[in-house]
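Below you'll find the structure I mean.
Values in this text are rule-based calculations from the coordinates and carry no lab data. Predicted model only: the values in this text are computed from it and were never measured. Every residue, glycine among them, receives a Cβ derived from its backbone with ideal geometry; neighbour counts consider all protein chains shown.
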Amino acid sequence: MFDGQDIDKMPGHWLLARMGKKVLRPGGKELTQKLIHELQITGAHNVVEFAPGLGFTASLVLQYHPLSYIGVEMDKDAIKLLQSKFRGSNITFLQGNAASIPVLTESQDRVYGEAMLTMQADHKKAEIIQEAERILKRGGLYGIHELGLMPDNLDEAVKAKIQKELSLAIKVNARPLTVSEWQQLLEANSFRIKKAMKAPMHLLEPTRMVGDEGWLRAARIAFNILTNGKARKRLLAMRRVFHKYGRQMNAVAIIAEKI
Ligand SMILES: C[S@@+](CC[C@H](N)C(=O)[O-])C[C@H]1O[C@@H](n2cnc3c(N)ncnc32)[C@H](O)[C@@H]1O
């Protein structure tokens with residue numbers, strides 16, 4: 001998967017996926033589990049996931065046997081993988097942009113997306129949030145898990161510097177926000193914040209890697225990185241930026257209710 005792409009240019013998350021990593025969100029498996037727990041998904045719920053990627057969270061959510069599950073993902077290789085991995089008459093994967101999806105207005109009980117708003121420009125973030133709001137029933141919940149900046153009053157120049165260096169390292173336009181900015185963006189689009197949770201941004205730290213992937217896969221990922229010079233160079237550059245701004249970056253998960 002993603003084999004045709006050039007390692008020097010590919011987005012950081014697909015590079016990690018190519019090295020064998022399955023958990024591609026900033027707060028890791030633990031913050032995802034908290035997010036899913038807070039969404040309180042039941043067998044009576046219609047659920048939409050924005051950007052399921054490799055399907056890690058989809059596999060957790062499908063254990064609750066929701067009434068229906070729709071995953072909307074932009075990447076066609078990821079869609080193929082998801083379609084081969086998960087089957088069921090109530091499970092659908094659509095290739096497309098989460099900002100505009102063929103799902104009826106006020107038809108869904110739960111919508112969530114991880115590590116996908118961060119990579120959008122601010123107006124695109126708002127469009128995706130508005131689409132979540134459109135498809136949710138009143139009182140329905142929207143969960144996000146994204147890259148955060150801290151503190152809330154972080155200097156604008158520092159923020160711009162982080163966004164620039166991060167984007168260069170991961171080769172994706174990365175625009176993380178502070179927790180209060182994420183909350184304001186949701187509130188400005190007819191959501192009420194129910195809960196905000198944080199975790200350190202330890203995506204490439206050995207302890208998190210083992211916690212997210214397990215010993216065996218973590219060892220395989222380490223082997224793949226060590227035996228691929230180009231990938232190693234890229235991942236070290238990513239890690240350098242994560243370390244440099246370790247005090248300013250975190251992971252944020254928010255549960256918001258449609259009002
Ligand atoms: C960093 S990966 C995260 C994948 C997955 N949510 C996870 O946390 O493991 C970002 C994903 O978002 C998808 N994506 C980005 N923008 C999107 C959009 N506007 N609509 C649907 N998918 C999008 C990408 O194709 C990619 O699979």
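Of the options Tyr142, Ala218, Ala196, report the single residue whose Cα projects farthest towards the positive end of the charge dipole of the chain (beta-carbon charges: Lys, Arg +1; Asp, Glu -1).
Result: Ala218, furthest along the dipole toward the positive end.
Around Lys194, which amide H atoms from residues at least 5 apart in sequence, or from another chain, sit under 5 Å from its own amide H, with H modelled in the peptide plane?
Amide H to amide H, under 5 Å and 5 or more residues apart or across chains, Lys194 pairs with Ile255, Ala256, Glu257.
Applying the Karplus parametrisation 6.51 cos²θ - 1.76 cosθ + 1.60 with θ = phi - 60° to the phi angles of segment 181-188, what ³J(HN,Hα) value in whole Hz is obtained for each residue in order, glycine and proline being reported as x?
Karplus-based 3J(HN,Hα) across segment 181-188 equals 5, 4, 5, 4, 5, 5, 5, 5 Hz.
Right, here's the next one. Could you go through segment 139-147 in sequence order and give the Karplus-derived ³J(HN,Hα) for each residue, using 6.51 cos²θ - 1.76 cosθ + 1.60 with θ = phi - 60°, rounded to whole Hz, and x for Gly and Pro?
My calculation for segment 139-147 gives x, x, 10, 10, x, 10, 9, 9, 7 Hz in order.
Also, I was wondering about something else. Given H placed 1.01 Å from N in the peptide plane, which residues other than close sequence neighbours of Arg175 have an amide H under 5 Å from its amide H?
Those qualifying (amide H under 5 Å, at least 5 residues apart or on another chain) are Met119, Gln120.
Assigning unit charges at the beta carbon (Lys, Arg +1; Asp, Glu -1) and nothing else, what dipole magnitude in debye, to the nearest 20, does the chain show about its Cα centre?
Computed charge dipole of the chain: roughly 820 debye.
Using 15 Å as the cut-off for backbone N distance, which residues of segment 181-200 belong to the label zone defined by a point 7 Å from the Cα of Glu30 along Cα→Cβ?
Correct set: 197-200.
Report the calculated FRET efficiency for Asn228 and Gln63 (r = Cβ-Cβ distance, R0 = 45 Å), to the nearest 0.05.
The formula returns an efficiency of 0.85 here.
What share of all Cα pairs of segment 12-258, in percent, falls into each consecutive 10 Å distance bin?
Per 10 Å bin, starting at 0, the Cα pair percentages come out as 7, 32, 38, 19, 3, 0.
Now for a separate question. Quick one, can you get me the convex hull of the C-alpha atoms of segment 27-126 expressed as volume per residue in Å³?
Spread over its residues, the Cα hull of segment 27-126 gives 107 Å³ apiece.
Got a sec to turn the phi values of segment 41-51 into Karplus ³J(HN,Hα) couplings, 6.51 cos²θ - 1.76 cosθ + 1.60 with θ = phi - 60°, whole Hz, x for Gly and Pro?
6, 10, x, 9, 9, 8, 10, 10, 10, 8, 6
Further, regarding this structure: Over segment 12-258, what is the relative contact order in percent, taking alpha-carbon pairs closer than 8 angstrom and at least six residues apart?
So the answer I get is 27 percent.
So, in nm, how far is label Ala188 from label Arg87 when the simple model puts each one 7 Å beyond its Cα toward the Cβ?
4.5
Using per-residue counts of other Cβ atoms within 10 Å, averaged over each peptide, order 110-119, 30-39 from highest down.
Final packing ranking: 110-119, 30-39.
As a test, work out the antiparallel percent of DSSP beta bridges whose residues both lie in the chain, rounded to the nearest 5.
45
In nm, to one decimal, how far is the modelled label at Lys195 from the one at Lys80, with both set 7 Å along Cα→Cβ?
Spacing of the two 7 Å Cα→Cβ label points: 3.9 nm.
How much mean residue ellipticity at 222 nm does the chain get from its helices, if each DSSP H run of length 4 or more adds -39500 (n - 2.57) and you divide by all residues, to the nearest 500 deg cm²/dmol?
Roughly -13500 deg cm²/dmol at 222 nm, from the helical runs in the chain.
Next question, about the same structure. Looking at the chain as a GNM with Cα springs under 10 Å, which of Leu185, Leu203, Leu60 has the largest mean-square fluctuation?
Leu60
How many angstrom lie between the C-alpha centres of segment 166-197 and segment 227-259?
Computed from Cα coordinates, the inter-centre distance equals 14 Å.
Mind ordering 42-52, 86-96 by average Cβ neighbours within 10 Å, highest first?
42-52, 86-96
Related question: With each pseudo-label sitting 7 Å past Cα toward Cβ, what's the Arg247-Ile259 distance in nm, one decimal?
Rounded to a tenth, the inter-label distance reads 3.6 nm.
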